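Report on one structure; see the data block that follows.
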Amino acid sequence: MVGEHVGVVSEGDRVVTHYFEAKEPGYRGWRWAVTVARASRAKNVTLDETVLLPGSDALLAPEWVPWSERLRPGDMGPGDLLPTEAEDLRLEPGWTGEDEPPPNSVVSEELAELVDSEDAELTDRPVAATSRGSIAAVAEELGTRRARVLSRYGLYEAADRWDEAFGPKTPMAQAAPATCVSCAFLIPMAGSLKQAFGVCANEFGPADGHVVSLAYGCGGHSEAAVMPAPPKPAPHAMDTMRVDAYSLRPERGEGSVPVEADGASEDLGHS
């Protein structure tokens, strides 16, 4: 819907653009721009184009962000696929060929014959179909069967992320009685990261099943979570283990009453 005329702008010789208020729902501050022109020595005006343009106070959609940058941890669900780029900095080839024998080696011809089939075997063939003695079988035995592995950049990126979530600077670690390096619930990791990280196995801890820094800690530390001894009861204020005897009459020579009555009292009939 086109509203009131709100302005006109000269675009050049005999070319002007008229702006009209837009009445479309959801297009607050937008304007219809209608550009008209007149050829030289012509009497008729030609309509060039009509477009809907945002104004200075227009309601605009947020800037578009690629899906790879919008993705956050935990966004993936069952059935979702997350492809990785061929030049992903976090990954590098699992076998680069740097250890390939020299050309004059006795096994170089054999490797040359198998290289094409083995490249496909590393990624396509199932584990059970790998022939004994092949490159894929040796790679599997050495733990390098994966076509790509984490690069040094990928390791550092993961380490920074884990250290931020469960590291020594978190409030939980600051208040912990001890660090995870001395906790029995810590499962060591393999590889280069084992010197700084492990996996928590305390089901009651806040990091159960997560990778934690060895400098992390919580109140569920195996050596700190010891039941305290019950407090000793305070001693009784009154001693009931001893009986004190009290006489109903004061002993002679004690108290404020004299032992023998004086004469005046006898005259008055006091005993």
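For the stretch 182-195, just list the computed ³J(HN,Hα) in residue order, Karplus coefficients 6.51, -1.76 and 1.60, θ = phi - 60°, integers in Hz, with x standing in for Gly and Pro.
10, 9, 6, 7, 7, 9, x, 9, 9, x, 5, 7, 5, 6
FRET efficiency for A61 and V6, Cβ-Cβ distance as r, R0 = 30 Å, nearest 0.05?
Computed FRET efficiency for A61 and V6 comes out at 0.85.
In whole Hz and in residue order, list the ³J(HN,Hα) couplings for the stretch 151-158 that follow from phi through the Karplus curve 6.51 cos²θ - 1.76 cosθ + 1.60, θ = phi - 60°; x for Gly and Pro.
7, 5, 5, x, 5, 5, 5, 5
Non-local amide H neighbours of D48 (under 5 Å, H modeled in plane, Pro and chain starts lacking H): which ones?
T35, V36, A37
Along the stretch 37-53, what does the Karplus equation 6.51 cos²θ - 1.76 cosθ + 1.60 (θ = phi - 60°) give for ³J(HN,Hα), rounded to whole Hz, x for Gly and Pro?
The phi angles translate into 9, 9, 5, 4, 6, 9, 9, 9, 9, 9, 7, 7, 7, 9, 9, 9, 10 Hz.
Q195 to E69: extension gain in nm, 0.36 nm per residue of separation minus the Cα-Cα distance?
Length gained, Q195 through E69: 42.3 nm.
Coordinate-derived values only; no laboratory data. Values in this document were obtained by computation on a predicted structure and should not be read as measured data. Here Cβ is always computed from backbone atoms with ideal geometry, including for glycine, and neighbour counts include all displayed protein chains.
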